[in-house]
Amino acid sequence: MRLQFAPYTLDFKTPAGTSRGVMTNKITAFLRIFDENDPSNFGIGEAGIFPGLSPEADERYFYKMAELVTNIKLGIPTDLSRFPSIQAGFEQAILDFSSGCKGIYFASPFVRGEGSIEINGLVWMGEYEEMLERLESKLKEGFKCIKIKIGAIEWEKEKELISRIRCKYDASKVEIRVDANGGFSADNVKPVLEQLAELDVHSIEQPIRQGNPEIMHSLCESSPLPIALDEELIGKFSTEDKERMLDSIRPAYIVLKPSLIGGFSGASEWISLANERGIGWWVTSALESNIGLNAIAQWVATLDTKMAQGLGTGGLFLNNFKTPILLSGDALSYDPSITLDRTKINELDWRD
């Protein structure tokens with residue numbers, strides 16, 4: 001067996017604002033695995049690194065990729081436990097190769113074109129008028145779950161946006177989730193939680209920065225609305241670390257990004273541990289291209305969940321790849337008649 005990787009830079013159609021700053025592009029990398037006697041047939045996966053979040057987002061990333069490539073040639077294992085995005089991409093490539101290099105990562109009715117996945121409509125941070133326009137667009141498109149990134153502009157302005165939804169739709173019609181990305185502090189977050197609860201907001205993701213388990217536990221215990229953990233999951237590599245975090249903080253929900261928590265195997269362990277503790281969960285993409293998003297969507301379709309998922313990022317990039325994943329309103333579906341253009345994939349800067 002042989003493995004190659006290809007770095008790739010995804011360019012945003014419009015700048016994407018978060019509490020950590022504005023993104024105009026994002027680096028990723030693709031992995032392909034093949035039999036050296038038949039290199040035209042390959043399994044493809046995406047190692048979607050996220051600068052500022054991925055624990056391997058430094059010079060180790062491509063060194064580890066090169067080590068993995070060499071070890072595959074030699075037929076020896078590679079420890080990827082602390083390289084979750086590479087683990088995710090490697091899993092995807094193997095799954096695709098094992099299913100005949102046809103882009104099928106998880107066989108299910110979904111990949112036969114049956115059924116769809118409900119997703120949330122994501123409102124990125126920006127100036128107030130920009131956020132208002134994005135919000136109204138998502139509502140017109142028929143999204144029944146809206147996720148708003150907060151923490152970048154004045155809280156009063158952000159609260160006004162949420163109030164606009166509630167003036168038109170009660171919680172039974174439109175579910176509102178907010179994602180703070182750690183944008184608040186222990187000193188100023190409690191009034192925000194109270195006001196969000198008054199507006200019938202479903203939940204808030206990561207209200208304060210990760211790494212403060214005692215404060216986060218206190219917030220989860222006293223918050224008038226459910227708290228979901230996102231960044232808090234990153235860097236928890238062992239089962240013991242995961243159990244310790246869940247048991248010490250006791251969140252209402254966890255948010256799973258396979259590229260940041262060890263691929264499908266890592267995310268599946270988190271789900272098992274959460275289910276044992278009565279903790280809810282949903283899955284979110286981490287700004288992968290459509291290649292990674294396709295694999296994640298296929299995996300989600302095999303899970304027993306009715307919650308809206310965070311898989312609506314496929315249309316963010318100028319230089320994305322066409323895959324069978326289609327989005328219509330809030331429904332993500334799969335068109336079996338569409339296939340990935342592997343000729344275009346072959347033109348990438350493959351390295352071994």
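Just so it is clear, none of the values below were taken in a lab; they were calculated from the coordinates. A quick note: this is a predicted structure, and the numbers were derived from the prediction, not measured. A quick note on method: Cβ atoms are made from the backbone with ideal geometry, for glycine too, and the neighbour counts reach across all protein chains shown.
How much FRET efficiency would the formula 1/(1 + (r/R0)^6) give for K190 and R277, where r is the Cβ-Cβ distance and R0 is 30 Å, rounded to 0.05?
For K190 and R277, the calculated efficiency is 0.75.
When DSSP assigns beta bridges and you keep just the ones with both residues in segment 109-334, what percent turn out antiparallel, to the nearest 5?
If we restrict to bridges inside segment 109-334, about 25 percent are antiparallel.
Expected output is a single nm value to one decimal: the length gained when fully extending between S218 and S248, i.e. 0.36 nm times separation in residues minus the C-alpha distance. What is it?
9.8 nm
Taking the 0 to 90 degree range and rounding to the nearest ten, how far is the long axis of helix 213-222 tilted relative to the main principal axis of the chain, both from C-alpha atoms?
The two axes meet at around 50 degrees.
Find how much the distance from E114 to K159 grows on full extension, using 0.36 nm per residue of separation minus their present alpha carbon separation; answer in nm with one decimal.
12.3 nm
In nanometres, what is the gap between the two model label sites at E67 and S40, each 7 Å from Cα along Cα-to-Cβ?
The answer from the label model is 3.6 nm.
With a/c under 1.5 counting as rounded, go ahead and sort segment 109-334 into rounded, prolate or oblate using the C-alpha gyration tensor (a ≥ b ≥ c being the square roots of the eigenvalues; past the cut-off, prolate if a/b is larger than b/c, else oblate). Working shown, then result.
Working: a/c = 1.71, a/b = 1.06, b/c = 1.60.
Oblate, because a/c is 1.5 or more while a/b does not exceed b/c.
Run the reach check for K73 against lysines, Cα to Cα strictly under 30 Å, same-chain hits fewer than 8 apart removed. What comes back?
Result set, ordered by chain and number: K26, K64, K102, K236, K257, K344.
What is the packing order of peptides 156-163, 254-261, 47-54, taking the mean over residues of other C-beta atoms within 10 Å and listing the highest first?
Per-residue Cβ counts within 10 Å, averaged per peptide and sorted highest first, yield 254-261, 47-54, 156-163.
Name the lysines eligible as straight-distance cross-link partners of K140: C-alpha to C-alpha under 26 Å, and not fewer than 8 places from it in the same chain.
K13, K149, K157, K159, K168, K173, K306, K322
From the phi of every residue in segment 129-142, what ³J(HN,Hα) in whole Hz does the Karplus formula 6.51 cos²θ - 1.76 cosθ + 1.60 yield, where θ is phi - 60° and glycine or proline is x?
Values per residue, Gly and Pro as x: 5, 5, 5, 4, 4, 5, 4, 5, 5, 5, 5, 5, 6, x Hz.
Does anyone have the angle between helix 155-168 and the longest principal axis of the chain? Alpha-carbon axes, 0 to 90°, nearest 10?
For 155-168 against the chain, the angle is about 90 degrees.
Counting each DSSP H run of 4 or more residues in the chain as -39500 (n - 2.57), what helix-only mean residue ellipticity at 222 nm follows after dividing by all residues, to the nearest 500 deg cm²/dmol?
Value at 222 nm, helices only, nearest 500: -10500 deg cm²/dmol.
Please give the helix 84-98 orientation as an angle from the longest Cα principal axis of the chain, in degrees from 0 to 90, rounded to the nearest 10.
50 degrees
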